[in-house]
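Notes follow the structure.
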Amino acid sequence: MTKDKKPTDIQRITSNIANNVRRLRKKLGYTQDQLAERSGIPRATMAGVEKQNSNPTLAVITSIAEALEVSIDELMREGDPRALPGAGERKRP
């Protein structure tokens with residue numbers, strides 16, 4: 001991307017999802033493998049989401065959100081997910 005171009009809405013949302021998934025995963029103490037397993041998706045898919053190397057489907061985003069016990073909206077929001085109400089405060093089984 002050149003200096004003159006602003007990120008598209010999709011690029012911003014993908015970046016927000018990647019950042020929020022990574023931060024929430026770490027806050028909950030999960031490895032990528034553990035979160036992938038809890039989400040029911042391959043670890044390579046999880047890594048791609050966090051590294052913004054993929055355009056995750058709604059099904060993947062939903063699975064990750066459920067595993068992290070947050071809404072899809074919370075994953076898409078810009079900013080620190082620790083500031084999200086209730087984000088990452090649930091106890092793991």
>> Going by amide H atoms built from the backbone, whose H comes under 5 Å of the H on TYR30, apart from near neighbours?
In response: none
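For GLU37, GLU66, GLU74, what's the largest-to-smallest order of accessible area, 1.4 Å probe?
Reading off the accessible areas and sorting them downward yields GLU37, GLU66, GLU74.
Going from the alpha-carbon gyration tensor of the stretch 1-46, what semi-axes, largest first and in whole Å, does one get by taking the root of 5 times each eigenvalue?
Values: eigenvalues 148, 26, 12 Å².
Working through the eigenvalues yields semi-axes of 27, 12, 8 Å.
For THR31, THR14, give me the order by solvent-accessible area with a 1.4 Å probe, most accessible first, ignoring ligands, DNA and RNA.
Details: THR31 65, THR14 25 Å².
Heavy-atom accessible area, descending, gives THR31, THR14.
The values are calculated or read from the model by the stated rules, or taken from the named source; none is laboratory data. Since we're looking at a predicted model, the values are computed, not measured. To get the accessible areas, we keep the full protein, side chains included, count just its heavy atoms, and leave off ligands, DNA and RNA. Shrake-Rupley method; radii C 1.70, N 1.55, O 1.52, S 1.80 Å.
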